[in-house]
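The values are calculated or read from the model by the stated rules, or taken from the named source; none is laboratory data. These figures come from a predicted structure and were not determined experimentally. Counting neighbours? That spans all protein chains shown, and the Cβs are built from the backbone with ideal geometry, glycine included. These area figures cover heavy atoms from the full protein model, side chains too; ligands, DNA and RNA do not enter into them. Shrake-Rupley method; radii C 1.70, N 1.55, O 1.52, S 1.80 Å.
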Amino acid sequence: HPNVGIALSVLGRILTRTGRWDEAERALRRSLDVIERAMGPDAVDTAYPLVALGDLFVSHQRARDALPYLARATAIRSARVDEARDVADGAIVHGRALLAIGKRAEATAVVRAARNRIAGGAEIDADMLSRLDAWIESPVP
C-alpha cells in the first residue's frame, strides 16, 4: 500500500537527521520500491523518497550517487507538481548535489528553473521565491 511507502519515507528522513545513514538508506530504498509498485515510477509521490535519498547522499558526501535520484525527482515534479515547497526543496537538494561535484552553472540552472516555475504559478509563494533567490545569489552545498 502506498501509505507504507510514505511512512517509510518519513522514517528514512528521521533516520537521516539522526545520523543513522545505513538504516535511512534502507528505509528510503524500500519506500521508493513500495511507492513505485503501488503508484508507478512517475507518480508525484515517487519524488518524495527520490529527494530524500538524494538528500541523504549529499549529506553523506555522496553527491554523485544522489544525482540520478534528484534528476528523476526534478523531472517528475517539473511535469506534475504545483506545490511550491516540494518544487523548491527538491531543486535546492539537486542544486547542492551539482554544486558539490563542481557543476555550479548546472546547479544554478536547476534552482532558477524551479524559481521560474513557482513564479509563474497560480499561487505565488513569496517565501519560497525568496529562498530560491537567496540560493541562486549565494549557492550553498
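Listed residues 117, 96; which is open to solvent by 60 Å² or more (accessible area, probe 1.4 Å), assigned to a helix (DSSP H, G or I), touching a residue at least 24 places away in the same chain (Cβ under 8 Å) and of a type outside the set (S, T, N, Q)?
So the residue among 117, 96 that is open to solvent by 60 Å² or more (accessible area, probe 1.4 Å), assigned to a helix (DSSP H, G or I), touching a residue at least 24 places away in the same chain (Cβ under 8 Å) and of a type outside the set (S, T, N, Q) is 117.
Six or more apart or on different chains, Cβ atoms under 6 Å: show the pairs whose first residue is in the range 71-91 and of a type in the set (A, V, I, L, M) and whose second is open to solvent by less than 60 Å² (accessible area, probe 1.4 Å) and not in a helix (DSSP H, G or I).
The qualifying pairs are 84/125; 87/81.
Out of everything in the range 60-93 that is part of a helix (DSSP H, G or I) and acidic (Asp, Glu), what residue ends up being modelled with the lowest pLDDT?
86
Among (1) of a type in the set (Ser, Thr, Tyr); (2) farther than 25 Å from residue 139 by Cβ; (3) surrounded by 18 or more Cβ atoms within 10 Å (Cβ to Cβ), where does residue 18 come up short?
Only one criterion in (1) of a type in the set (Ser, Thr, Tyr); (2) farther than 25 Å from residue 139 by Cβ; (3) surrounded by 18 or more Cβ atoms within 10 Å (Cβ to Cβ) is unmet by residue 18, namely (3).
Within the group 12, 19, 5, which residue is under 26 Å from residue 61 (Cα atoms) and either in contact with a strand residue (DSSP E or B) (Cβ under 8 Å, 6 or more places away or on another chain) or not in a helix (DSSP H, G or I) (or both)?
Unique residue meeting the criteria: 19.
For residues in the range 35-69 being out of contact with any Ser or Thr (no Cβ under 8 Å at 6 or more places or on another chain) and acidic (Asp, Glu), which is least open to solvent (accessible area, probe 1.4 Å)?
Per the criteria, the residue is 45.
Can you tell me which residue among 130, 138, 78, 59 is closer than 21 Å to residue 16 by Cα and among the hydroxyl-bearing types (Ser, Thr, Tyr)?
Being closer than 21 Å to residue 16 by Cα and among the hydroxyl-bearing types (Ser, Thr, Tyr) holds for just one of 130, 138, 78, 59, which is 59.
Taking the range 99-109 only, how many residues are over 17 Å from residue 65 (Cβ atoms) and touching a residue at least 24 places away in the same chain (Cβ under 8 Å)?
Total satisfying the criteria: 2.
Could you tell me whether any residue of the range 49-57 is at pLDDT 95 or above and of a type in the set (D, E, K, R)?
Checked against the condition, which is being at pLDDT 95 or above and of a type in the set (D, E, K, R), the range 49-57 yields no hits at all.
So which of 87, 140, 110 is more than 18 Å from residue 29 (Cβ to Cβ), open to solvent by 60 Å² or more (accessible area, probe 1.4 Å), β-branched (Val, Ile, Thr) and out of contact with any Asp or Glu (no Cβ under 9 Å at 6 or more places or on another chain)?
Exactly one of 87, 140, 110 is more than 18 Å from residue 29 (Cβ to Cβ), open to solvent by 60 Å² or more (accessible area, probe 1.4 Å), β-branched (Val, Ile, Thr) and out of contact with any Asp or Glu (no Cβ under 9 Å at 6 or more places or on another chain), namely 140.
Do you know which residues across the range 121-137 are outside any helix (DSSP H, G or I) and open to solvent by 70 Å² or more (accessible area, probe 1.4 Å)?
Those that are outside any helix (DSSP H, G or I) and open to solvent by 70 Å² or more (accessible area, probe 1.4 Å): 122, 123, 124.
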